[in-house]
Amino acid sequence: MSAKLSRAAGVGLVRTYQTGVVSAYSPVMPADASLPDRLLSALHGPCGVAPGTPVAVGVSGGADSVTLLRVLHAAGVPVTALHVDHGLRPSSADDAAFVAGLASDLGVPHASRRVQVAPGNRAAEARRARYAALVAMADRRPLAVAHTATDQAETVLMALVRGAGLAGLGGMPERRVLAGGAVLARPMLDVTRAEVEAHARAHGWAWRDDPTNALGVRGRLRRDVLPALDALGGAATARRVARASAAVRAARPTALADAFVSADGRVDPAIGALPEAVRHAVWAEAVARIAPAARRSAALVARLDALLDAPVGRRMHASGVLAQRTDNGIDLSVDQPDARV
């Protein structure tokens, strides 16, 4: 179908999307497959890391990241253990020493970095500092982190509480391209935290517990909400929520984006015929294709949406994206501040 669509054609595509034609979702192995098999299947499948590729592993010292490192190493994946010390707890130096000792015991390379967390939202600033340090230490290797199906369920529930759209309900993707082209891989999104801890205990592996995990909104979900959901739906509840989020990610309107967004980043103004939630998801998909390192926030999508009614020539710079209203639509590209005139 041509990228130049009438509003009627756009509505027809929306109906196709709403009837579930676009409904495939990320492949997952049977729940009774071994944890290492499921992890490796995800790493080489949805995460897109080819066998034999050296992988940097973010290791906090918790059960999830310790298990990720040990399983990948045992499977013959060339791994490097990376640790970030935020300096926010008195015991953070002990965590760093534990990870260094683990890497030494396994005979794998190790790197550690202490960061300064900026004032403001401590969790958000710590996350920003952590990923910046991990990406720098990974040095262009894929960076694997140990988010589990339980973490995914918490993320999706937080998105529901906050009124997120399709992007929020899709949770964390298995693979994401970060600033500078670094690949972030999450191969444990189909494994629950309980499964990870059971596997670690069965092998006699030690790990460190972070008491701050019980704090904040996520801590309340972990402590109060997920156990209540497990009581209603059984131990597989977190995995079912995680798989539902995978279905949402796959069912996001990729086909609509193919129709409305050209390969060189031109968005057809007929996108305006789409329902708001679907239109915003298409904008997010367009940004992901044209500027993969950009942060696809609700504020950015709203500003892009406003360009539909803007005069020809209007330009917008935000979140690493340059958008310009033309006679034929909205042209998207990576913002290059140094090239601005």
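The values are calculated or read from the model by the stated rules, or taken from the named source; none is laboratory data. Quantities reported herein were computed from a predicted structural model and do not represent experimental measurements. Positions of Cβ are backbone-derived with ideal geometry, glycine not excepted, and every protein chain shown enters the neighbour counts.
Here are the numbers for this structure:
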read-out: Tally of residues being part of a loop (DSSP other than H, G, I, E, B) and modelled with pLDDT of 90 or more across region 238-268; value: 0
read-out: Residue within region 200-218 that is out of contact with any helix residue (DSSP H, G or I) (no Cβ under 6 Å at 6 or more places or on another chain), outside any helix (DSSP H, G or I) and more than 20 Å from T67 (Cα to Cα) present; value: yes
read-out: Per-region count, region 92-121, residues polar (S, T, N, Q) and surrounded by 15 or more Cβ atoms within 10 Å (Cβ to Cβ); value: 2
read-out: Hey, L304 closer than 26 Å to T148 by Cβ and either under 24 Å from the mean Cα position of the chain (by Cα) or polar (S, T, N, Q) (or both) or not; value: no
read-out: Residue selected from region 307-341 under the condition within 13 Å of I271 (Cβ to Cβ) and surrounded by fewer than 18 Cβ atoms within 10 Å (Cβ to Cβ), by the criterion modelled with the lowest pLDDT; value: N328
read-out: Answer residue from region 121-150, given it is assigned to a helix (DSSP H, G or I), free of Cβ contacts under 8 Å to residues at least 60 places away in the same chain and within 18 Å of C47 (Cα to Cα) and is farthest from the chain's Cα centre (by Cα) among those; value: V135
read-out: Test result for G329, closer than 26 Å to L169 by Cα and either touching a residue at least 12 places away in the same chain (Cβ under 8 Å) or among the aromatic types (F, W, Y) (or both); value: no
read-out: Which numbered condition A310 misses (of (1) free of Cβ contacts under 8 Å to residues at least 24 places away in the same chain; (2) under 17 Å from the mean Cα position of the chain (by Cα)); value: (2)
read-out: Residue match in region 168-176 (condition: buried (at least 17 other Cβ atoms within 10 Å of the Cβ), under 15 Å from the mean Cα position of the chain (by Cα), part of a helix (DSSP H, G or I) and in the same structural domain as D105 (by TED's automatic domain parsing)); value: yes
read-out: Filtered residues of region 44-91 (kept if more than 18 Å from T150 (Cβ to Cβ) and part of a helix (DSSP H, G or I)); value: H44, L69, R70, L72, H73, A74
read-out: Counted residues, region 151-167 - those being not basic (K, R) and not in a helix (DSSP H, G or I); value: 3
read-out: A235 vs. criteria more than 30 Å from V334 (Cβ to Cβ) and part of a loop (DSSP other than H, G, I, E, B); value: yes
read-out: Residue match in region 60-82 (condition: of a type outside the set (S, T, Y), in the same structural domain as A200 (by TED's automatic domain parsing), crowded, with 21+ Cβ neighbours inside 10 Å and under 25 Å from V248 (Cβ atoms)); value: yes
read-out: Pick from region 181-205, criterion without any contact (Cβ under 8 Å) to a residue 40 or more places away in the chain and among the hydrophobic types (A, V, I, L, M, F, W, C), ranking: surrounded by the most Cβ atoms within 10 Å (Cβ to Cβ); value: A198
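For (1) outside the structural domain of V156 (by TED's automatic domain parsing); (2) in contact with a helix residue (DSSP H, G or I) (Cβ under 9 Å, 6 or more places away or on another chain), each residue gets a yes or a no:
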| position | (1), (2) |
| --- | --- |
| R220 | no, yes |
| L226 | no, yes |
| L232 | no, no |
| S262 | yes, no |
| D268 | yes, yes |
| G272 | yes, yes |
| W283 | yes, yes |
| V287 | yes, yes |
